[in-house]
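Undergrad: Got a structure here, written out as C-alpha cells. Questions coming.
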Amino acid sequence: MKKLISLVLALCVLLGAASLAMAQEEPVTLTILHYMGNEVKLNAFNAIVEGYRALHPNVTFDSQALSQNEYITQLRTRVGAGDAPDIMIGQPAQYTDIIQAGYVMDLTGNPLVDKLNLTAADIGDCSWEGKVYALPLDFKTYGVIYNKAIFEKYGLSEPGTQDELDALCKTLADNGVDPWIRNYSNVTYPDIEVRAILWPLLMENGKLDAFEKLMSGEAKFTDYPEFAKALELWGRRMAYGRMDDMSNDTTMARQAMAAGQAAMIYDGTWAFAQIQGFNPDQRYGMFAVPRDDGKPNQYCVQLDQIFMVNGQSAHVDQAMDFMAYLLSPDVAGQWSAATNGPSVVPGVTVDMPEVIHVAMQAKENNNIAHAGNFTAQLSGEYLNNWRAVLQGFAADRTLTVEALTAEMQAAFDEINASK
Amino acid sequence: MQARRASLPRFSYARRRGFTYACFVTPALALYLLTVVVPFLQGIPYSLTSWNLVSSQSAFVGLKNYQSLLGSAVFWKSIGNTFQFAVYYILFSNLLGLGIALLICRSSRLNNLSRTLIFMPYVVSMLTAAFVWKYLFNTVYSPLFGVPSPLGVQSQAMLGIAAISVWRTSGYCMLIYIAALQGVPQEYYEAASVEGANARQKFFRITVPMIVPAFSVNVSLLLAWGLKVFDVVMATTNGGPGRNTTLTMSMFIYNNIFGNSKAGYGQAAAVLMTLILLALSYVVSKFFRSKGVDA
C-alpha cells in the first residue's frame, strides 16, 4: 500500500513539474514600442533583448523602433485600435490619455521601483497625479558640447557668463570658425535650448507650477519674466548662426560637429555616443549654457529611457520580468557602456567619457534643474505649439521677444478656447 | 436551340450596352464603396463626439466640433496653405509637363529616352523624394547658391515643398500630354499652314482646344492630389518652420486625431475637407467638360 501511495505521489509530483515546465515554456511574444532609433541605442537594446531571449527561449520580441516624432501618434493609434504594446517607452505625463484609459500599470510601491532608490525628482518624472507609472533606465542632461581641439587652438576656456560666451563666439567667428552647429529642423532642439535658462530660473524662483498654470490658462507668459530672459539669451546665442541652422537634421548636425565644422553644439547626453562614433579621435567637453546674472547655471535633467508597462497586457508578468532583467546592474551597465547613457540603476559602475561624467557629477551634486520637480510639464497640444512657436523664433530672427511671447500666448489661448 | 434563343427576352441595343458598362463598373464601384465611402460615412458619427482616440468612451457634442473648426484660425490657415500648395503644384506641373511634351512628343530614339528619364521621378515614392530633396537642398543647393535651404525659410518653405512635388509629377503630366498631342490629326496643322497660320496661332487655335481632355485629366487629378497633400510636408517640414507655416488640411486632421488626442475634432475637419474636395472636383470637371472639343 505504502509503495502504491509513494508511486501515486511521485507521479503527481512528476505531472505537476511537467505541467509547470510546459506552462513556463509557453511561447510568449512581448511587443515593445520605443523611439531608441539611433543605431547605437538600437543595437544596444537589441543585444539586451537577445540576452534575455537566451535565458528565456520561449519569449520572442516584437520590438519596434520609431522616430520620436511619429512615436506618440503610432502609440495612440495602436492603443485606440486595441493593439497596445506590452511595454512602451515614454514619460507618463506625456501619455495621460493612455494612463486614463487604463493601459499603463500603476507601479506605486512596486519592489522594482523601490530597488532603484530614485530621488524624489526622479520619482516625479516617473509619475502622474502622485502615482508611479514608469521605470527608468538612465537620465539625460543637455548642455553645450564643445570641440576641445578648437578651444585649445584659440586659447579658449569654458565660459561662465553670457558675456564670456559672446566674446568666445566672436573670437571663433573672427578666426573663420563657426561657433555653433544647429539642427533646428527638429522642433525638440529650440525647446531644449530655451529650457537651459528657463528651467533653472523658474526653479530658483519657486515657480514649480508655471507650466501647470500656463496650460490651465490661470497664468500668462508675461507673468513669467524668466520666459523672456530665456528667449533673450537664446537670441544672443543665435547671433552666431550658419546657413544650415534650420535645415540640418539631427544626424547631419552631429556629423558636422564630429567633422570639426563648428566649435559647439547644443545637445544632450543621449547624442554623445553617436557624435563620438562619427569620429572617435575628436575630444569633447561640456558646459552648462551660461546666464547673464553672474550666477552659475544648472544642467537640466530628465529621465531618458523610461518604460511603461501595459496593465491590460496578457503578458504582464513576463513584461515585468523583462523589466527586472533590464534594470539589473549587469544589464543596465551593459546599456550604459554601449550608449554612454548615465544610469539610474544602483550598482552600475561604468567608465564614462568626460562629457557624461560632467553630467553625472552635476546630478550627484544636485547642481541640476530636474523636470520631475515641476508640478506638470508641457504636454500634448501645448507642447506641440510651444515647440513650433519657438522654432519660428529661430527661423525668423526679426521677431522680438515680445512678439514671440504674444504669439505663444495666442497659441495657448486658442487651445484653451477649443476645450 | 433556335427555339430556346427565340424564347429569351429581347433587349434593346442601348439596354444591352448599359448592362455591359455596368458589369465593367461594378467591381471598381464596389471596391470604392467599401474602402472609401463606407469608412467615410462611418466616420461621420465620430465627428459629433469628443472622442480622444484612446478611450473606449466619448461624449456626444453635437455640432460643437464643426463650430470650433469654423472659428479656428489654425484651420483656416491650413486651408490657405493647402490652396497655396495646390496652385503651385497644378500650375507648374502642368506648365512643365506640357512644355516638355511639346518638345519631345515626336517619336525618336532620343525623345523616347528623354521621356523615360523625365517620367522616372514619378516611380519614386513621394516620401523618398522628399527625403532625398531635403538632403539635396541642405547639402547641394544651399552651398552652391550661398542661400539657406528653402525648407528652412518661412517665406519659401511652401515653394520648396511644391518644387519637390512638381519634380516628381511633371513627368506624369508630360505623358498624358504626349498622348493627347499625338492624337491631334496632322491635317489640321497642314490646313492651318495653307491658311497662313503661324506657330502661336496653331498652338492656341488647334493644339490647346484639341488637348482639353488632357488638361481635364491632369488638372482634376493634381487638384485632388494637391488638396490631399500630406507625406511630402510631413517628411520635409512637419508643418514648420514655425507654427503652421506649411500646415496643410491633411496634416491638421492628422495632428488633431493622433497628436492632440482630439479624434472627434479631427474627424469633423476630415468631413469638411471631403466636402471641399467634392465641391472643387465637381466645379473643375464641369468647367473642362464645357470646354471640351469633339475631335
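Undergrad: At pLDDT 95 or above, under 21 Å from the mean Cα position of the chain (by Cα) and not assigned by TED's automatic domain parsing to the domain that holds residue A:126, is that true of residue A:391?
TA: So residue A:391 fits the description; yes.
Undergrad: Counting just the residues of segment B:219-271 that are away from every other protein chain (no Cβ under 14 Å) and among the hydroxyl-bearing types (Ser, Thr, Tyr), which one comes out farthest from the chain's Cα centre (by Cα)?
TA: This residue is B:248.
Undergrad: Okay, moving on. More than 30 Å from residue B:121 (Cα to Cα), at pLDDT below 95 and buried (at least 17 other Cβ atoms within 10 Å of the Cβ), is that true of residue B:53?
TA: It is true that residue B:53 is more than 30 Å from residue B:121 (Cα to Cα), at pLDDT below 95 and buried (at least 17 other Cβ atoms within 10 Å of the Cβ).
Undergrad: Can you name the residue in segment A:209-236 that is basic (Lys, Arg) and touching a helix residue (DSSP H, G or I) at 6+ places or on another chain (Cβ under 7 Å) and is also farthest from residue B:143 (Cα to Cα) among such residues?
TA: Filtering segment A:209-236 for residues that are basic (Lys, Arg) and touching a helix residue (DSSP H, G or I) at 6+ places or on another chain (Cβ under 7 Å), the one farthest from residue B:143 (Cα to Cα) comes out as A:220.
Undergrad: Moving on to the next point. Name the residues in segment A:277-294 that are over 19 Å from residue A:153 (Cα atoms), in contact with a helix residue (DSSP H, G or I) (Cβ under 8 Å, 6 or more places away or on another chain), surrounded by fewer than 20 Cβ atoms within 10 Å (Cβ to Cβ) and touching a residue at least 60 places away in the same chain (Cβ under 8 Å), would you?
TA: Listed by number, the residues that qualify are A:277, A:292.
Undergrad: Cβ-Cβ distance below 7 Å, separation of 6 or more or different chains: which pairs start in segment A:323-340 with a residue that is on the phi < 0 side of the Ramachandran plot and end on one that is of a type in the set (Lys, Arg)?
TA: Final answer for the pair search is A:339/A:41.
Undergrad: For segment B:258-276, which positions are modelled with pLDDT under 90 and in a helix (DSSP H, G or I)?
TA: B:258, B:259
Undergrad: Could you tell me whether residue A:269 is under 17 Å from residue A:44 (Cα atoms), under 17 Å from the mean Cα position of the chain (by Cα) and not assigned by TED's automatic domain parsing to the domain that holds residue A:157?
TA: Judged against the criteria, residue A:269 is not a match.
Undergrad: I'd like to know if segment B:217-228 contains one or more residues that are in a loop (DSSP other than H, G, I, E, B), within 30 Å of residue A:185 (Cβ to Cβ), touching a residue at least 12 places away in the same chain (Cβ under 8 Å) and among the charged types (D, E, K, R).
TA: yes
Undergrad: Quick check, is residue B:197 surrounded by 14 or more Cβ atoms within 10 Å (Cβ to Cβ), closer than 20 Å to residue B:126 by Cβ and of a type in the set (Gly, Ala, Ser)?
TA: no
Undergrad: Oh, and also: From the list B:208, B:232, which residue is modelled with pLDDT of 95 or more, assigned to a helix (DSSP H, G or I) and of a type in the set (Val, Ile, Thr)?
TA: Unique residue meeting the criteria: B:232.
Undergrad: Return yes when residue B:274 is of a type in the set (Val, Ile, Thr), within 11 Å of chain A (Cβ to nearest Cβ) and within 23 Å of residue B:88 (Cα to Cα) and no when it is not.
TA: Criteria not met by residue B:274.
Undergrad: Further, regarding this structure: Considering (1) more than 9 Å from chain B (Cβ to nearest Cβ); (2) charged (D, E, K, R); (3) more than 30 Å from residue A:138 (Cα to Cα), say which one residue A:363 fails and leave the rest.
TA: (3)
Undergrad: Collect the residues in segment A:146-169 that are in contact with a helix residue (DSSP H, G or I) (Cβ under 6 Å, 6 or more places away or on another chain) and either among the aromatic types (Phe, Trp, Tyr) or in a strand (DSSP E or B) (or both), keeping them in residue-number order.
TA: A:154
Undergrad: Please find, among A:60, A:29, the residue that is touching a Leu at 6+ places or on another chain (Cβ under 8 Å) and farther than 20 Å from residue A:136 by Cα.
TA: Residue meeting the stated conditions: A:60.
Undergrad: Considering only residues that are outside any helix (DSSP H, G or I) and either of a type in the set (S, T, N, Q) or at negative phi (or both), which ones fall in segment B:42-58?
TA: B:47, B:48, B:49, B:50, B:51, B:52, B:54, B:55, B:56, B:57, B:58
Undergrad: Run down A:181, A:197 and say which single residue is within 14 Å of another protein chain (Cβ to nearest Cβ) and of a type in the set (Val, Ile, Thr).
TA: Checking each option against the conditions leaves just A:181.
Undergrad: Tell me, which helices (runs of 4 or more DSSP H) wholly within segment B:59-174 include 2 or more residues that are within 14 Å of chain A (Cβ to nearest Cβ) and among the small types (Gly, Ala, Ser)?
TA: B:73-104
Undergrad: Follow-up. Look at segment B:245-257 and say how many of its residues are of a type outside the set (A, V, I, L, M), part of a loop (DSSP other than H, G, I, E, B) and crowded, with 23+ Cβ neighbours inside 10 Å.
TA: Count: 2.
Undergrad: Against the definition (surrounded by fewer than 20 Cβ atoms within 10 Å (Cβ to Cβ), among the β-branched types (Val, Ile, Thr) and within 30 Å of residue B:71 (Cβ to Cβ)), how does residue A:401 come out, yes or no?
TA: The answer is yes for residue A:401.
Undergrad: Quick one: would you say residue B:101 is hydrophobic (A, V, I, L, M, F, W, C), surrounded by fewer than 18 Cβ atoms within 10 Å (Cβ to Cβ) and more than 30 Å from residue A:181 (Cα to Cα)?
TA: Against the criterion (hydrophobic (A, V, I, L, M, F, W, C), surrounded by fewer than 18 Cβ atoms within 10 Å (Cβ to Cβ) and more than 30 Å from residue A:181 (Cα to Cα)), residue B:101 does not qualify.
Undergrad: Kindly provide the set of residues from segment A:41-75 that are of a type in the set (Phe, Trp, Tyr) and either in contact (Cβ under 8 Å) with a residue 60 or more places away in the chain or within 14 Å of chain B (Cβ to nearest Cβ) (or both), ordered by number.
TA: Result: A:45, A:52, A:71.
The values are calculated or read from the model by the stated rules, or taken from the named source; none is laboratory data. These numbers were taken from a predicted model, which means no experiment stands behind them. We place every Cβ from the backbone using ideal geometry, glycine too, and count neighbours over all the protein chains shown.
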